[in-house]
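Asks: Before I ask anything, let me first share the structure, which is written out below as structure tokens.
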Amino acid sequence: MDIVEVRDLTYKYPTSSDQVLRGVSLRVKKGEFCSIIGPNGAGKTTLCNAIRGLVPHFYKGDMQGEVLINGQSTMDVSLADLALSVGFVFQNPFTQISGIAKTVFGELAFGLENLGVEPDEIRRRVSRMLEVAKLQDLAERSPFEISGGQQQRVALASIIIMEPEILVIDEPTSQLDPQSTEEIFEIIQLMKMQGKTIILVEHKIDLVAQYSDHVVLIEDGSIVMDGSTDEILSDPAVLQHGTSLPQFALLGIEMRKRGYRLDKIPITEAQAVEQIGGYFTEKAVD
Amino acid sequence: MNKSEKSYVSSLYPITKLVFVACLIVSVFFLYNYIYDLVCFAAMVAIAASDGKGKAYIKTILKTIFILIVLIFLMQSFLHSGTHVLWHWGILTIHKEGIWYAINLSTTLLVIGGAIALLFKITEVEDLIHSLENSGMSPRATYVILSTLQIIPQMKMKSAVIMDAQRSRGVETEGNLMVRIKAFFPSLAPLVLSSIVGTEERAITLEARAFTANVKKTCLDMPQDSKHDKVLRIVLLVLLGILIVGRIILWIL
Ligand SMILES: Nc1ncnc2c1ncn2[C@@H]1O[C@H](COP(=O)(O)OP(=O)(O)OP(=O)(O)O)[C@@H](O)[C@H]1O
Ligand SMILES: [Mg+2]
């Protein structure tokens, strides 16, 4: 059974004039890293809100179809209970700080305190999480007095520490520099290795190519492409939907156009080295 | 300040501080006497100072309540009529009664505003929330208190960001009072709007951290209530009781 299943979902915000999602269906397997891409305003965040249950519990509005988490409809589970299985991290680091804890340490502990975890266990888990997110040096600082990139790591760590099975992450790096972006992706990668299911919205397509297993392209509230990362991100059709392709895919497509025979279009640096590099060595041998 | 040397004030249980501040505010209504108000205010400054926060406290007061009080003082002294004219110019008249009324009202406001500001200078939000929950308040109620309290620091932080943005668009934000007032209004709309949006996202944040989950919470660093605190709270409430009863007896007689 798929851990997340969206069935023919149509949704309209109370204040939007048009439907924001139209007949969206999506399946995500357990342990899969699924990326959602598409132009601005396509409905990516709204889809995340639906998976997290904020649509329709928090935003109300008209919803048809259903979202199943582990086979159970989000309509039948309270937001607080859903939070235990679906962790949600969003774009703005500032509003993801609880505003209650005095220190970064306390910020990470906050969610566990609310769940009633034993103090010793909390301390153990927070120490481990500080290490994973490389936040040890900031443990005693106020969460408001650190940089945006550090705040985003704190936000991510505060959700991960609660050990949800599914992580929904909406453009976590859009306000961050390349270094901080890298750090966020390292943490996400680690979560994937621990078997978490990850649903990520991200515009940085090269990173999507590098990390995800499954890519979904949304445009105007409908899923227009859905498949494995290799399949979708090597398809020039993506360019027709207001979305870019990885630089290596563009190179590969251009090379094919000019008559170079490539077995497949590369989408990451590693694949490019294999495909194109191989081509040149073969040529050199000829 | 050295952290290991805890001041007396910071060793008190947050609820004790809350009771103190509440008693102070209630007492002001029953005495309604500007000398008492000023004594209270001096005491509050002294309390903040004993916790090493005197300067910061006065600064907060000057930046917030003080401006409001000056405005109210001016308005009340002009609006209140009486029989003893102190000053007269065109249609503007100040009566002696008006001045008295204005003095009493503004010192009362000074104590009320000052007491609330004091509470947040000498208490950490986290400790207050924990102790409120510990004394049986529901997470939803503490959440309402919390989000109200957070609006002010949030607005302060955001207004700095917005001022920056307006400056880069060529709006003058620094200089004399007039310049600042002119800069104030174009900054206001984005401030209010983004604060509302921010509140929504923060509600989601607290929800995501199981803040309202139906389980018994634990607490890593629970502020400790002591016998001393309990006695102090009783003394404060008894004093307030005596004051109220005394006042009522005086009214009846
Ligand atoms: N809270 C809301 N109320 C009403 N309409 C909304 C709300 N949030 C989003 N919308 C509308 O829904 C549509 C889809 O928005 P959404 O935020 O899901 O897009 P997105 O794909 O996440 O875009 P972006 O890449 O810019 O983040 C947009 O037309 C937007 O105006
Ligand atoms: Mg979005």
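The values are calculated or read from the model by the stated rules, or taken from the named source; none is laboratory data. These numbers were taken from a predicted model, which means no experiment stands behind them. Neighbour counts are summed over all protein chains in view; Cβ atoms, including those assigned to glycine, are modelled from backbone coordinates with ideal geometry. These accessible areas exclude ligands, DNA and RNA; they are computed on the full protein's heavy atoms, side chains included. Shrake-Rupley method; radii C 1.70, N 1.55, O 1.52, S 1.80 Å.
Asks: Find how much the distance from A:Glu182 to A:Asp81 grows on full extension, using 0.36 nm per residue of separation minus their present alpha carbon separation; answer in nm with one decimal.
Replies: Values: separation 101, 0.36 × 101 = 36.36 nm, distance 3.14 nm.
Using 0.36 nm per residue and subtracting the Cα-Cα distance, I get 33.2 nm.
Asks: In whole percent, and with a 1.4 Å probe on the protein chains, what portion of the accessible area of the range B:35-111 is carbon and sulfur?
Replies: On the way: 3610 of 4710 Å².
Its accessible area is 77 percent carbon and sulfur atoms.
Asks: Sticking with this structure for a sec: What's the extension gain from A:His203 to A:Leu239 if we count 0.36 nm per residue and subtract their Cα-Cα distance?
Replies: Values: separation 36, 0.36 × 36 = 12.96 nm, distance 1.35 nm.
Contour length minus Cα-Cα distance gives 11.6 nm.
Asks: Take B:Asn214 and B:Leu239, extend 7 Å from each Cα along the Cα→Cβ direction, and tell me the distance between the two endpoints in nm.
Replies: Distance between the two pseudo-spin positions: 4.4 nm.
Asks: Give me the distance in nm between label points sitting 7 Å out from Cα along the Cα-to-Cβ direction at B:Lys96 and B:Ile35, one decimal.
Replies: 1.8 nm
Asks: When the convex hull of the C-alpha atoms of the protein assembly as shown is computed, what volume per residue in Å³ does it have?
Replies: Working: hull volume 122.9 nm³, N = 539.
Taking the convex hull of the Cα positions in the protein assembly as shown, it is 228 Å³ per residue.
Asks: Continuing with the same structure: Can you give me the accessible area per residue for the protein assembly as shown, using a 1.4 Å probe, in Å²? Mind showing how you got there, number by number?
Replies: Numbers: 27430 Å² over 539 residues.
Result: 51 Å² of accessible area for each residue.
Asks: If you average the sequence gap of Cα pairs under 8 Å that are 6 or more apart and divide by the length of chain A, what percent do you get for the contact order? Can you show the working numbers first?
Replies: Numbers: 511 pairs, mean separation 62.1, N = 286.
Computed over chain A, the figure is 22 percent.
Asks: Once amide H atoms are built 1.01 Å from N in the peptide plane, which residues 5 or more positions from A:Phe33, or in another chain, come under 5 Å H to H?
Replies: Here the answer is A:Ile198, A:Asp213, A:His214, since their amide H atoms fall under 5 Å of that of A:Phe33.
Asks: To the nearest 0.05, how large is the calculated FRET efficiency for A:Ser147 and B:Ile103 if R₀ is 35 Å and r is the Cβ-Cβ distance?
Replies: On the way: r = 48 Å, r/R0 = 1.38.
Once rounded, the FRET efficiency stands at 0.10.
Asks: Then there is this: Give the separation of the Cα centroids, the range A:60-114 to the range A:4-50, in Å.
Replies: So the two Cα centres are separated by 17 Å.
Asks: Another question, then. Test of understanding: express the Cα radius of gyration of the range A:2-233 as a ratio to 2.2 N^0.38 Å, with N the residue count. Numbers along the way, then the final one.
Replies: Numbers: Rg = 17.3 Å, N = 232, 2.2 N^0.38 = 17.4 Å.
Against the compact-globule rule of thumb, the ratio is 0.99.
Asks: Now for a separate question. Please average, across the residues of A:87-95, the number of beta carbons from any other chain that are within 10 Å of each residue's own beta carbon, and give a whole number.
Replies: Working: counts 2, 4, 2, 4, 1, 5, 0, 7, 11.
Across A:87-95, the average partner-chain Cβ count within 10 Å equals 4.
Asks: Also, I was wondering about something else. Taking θ = phi - 60°, what integer Hz values does the Karplus form 6.51 cos²θ - 1.76 cosθ + 1.60 yield along the range B:117-124, in sequence order, with x for Gly and Pro?
Replies: These are the phi-based 3J(HN,Hα) values: 4, 4, 3, 7, 6, 9, 10, 7 Hz.
Asks: Could you work out the helix-only [θ] at 222 nm for the protein assembly as shown, with each DSSP H run of four or more residues adding -39,500 (n - 2.57) and the total divided by the number of residues, to the nearest 500 deg cm²/dmol?
Replies: Numbers: 22 runs with 297 residues, N = 539.
Dividing the helical sum by the residues of the protein assembly as shown leaves -17500 deg cm²/dmol.
Asks: Under the √(5λ) rule applied to the eigenvalues of the Cα gyration tensor, what semi-axes describe the equivalent ellipsoid of the range A:91-151? Give them in Å, descending.
Replies: Values: eigenvalues 72, 36, 18 Å².
After scaling each eigenvalue by five and taking roots: 19, 13, 9 Å.
Asks: Compute the helix-to-body angle for A:104-114: its Cα long axis versus the longest principal axis of chain A, expressed 0 to 90° and rounded to tens.
Replies: The angle comes out near 70 degrees.
Asks: For chain A, give me the percentage of DSSP beta bridges that are antiparallel, rounded to the nearest 5 percent. Mind dumping the intermediate values first?
Replies: On the way: 20 of 37 bridges.
In chain A, DSSP labels about 55 percent of beta bridges as antiparallel.
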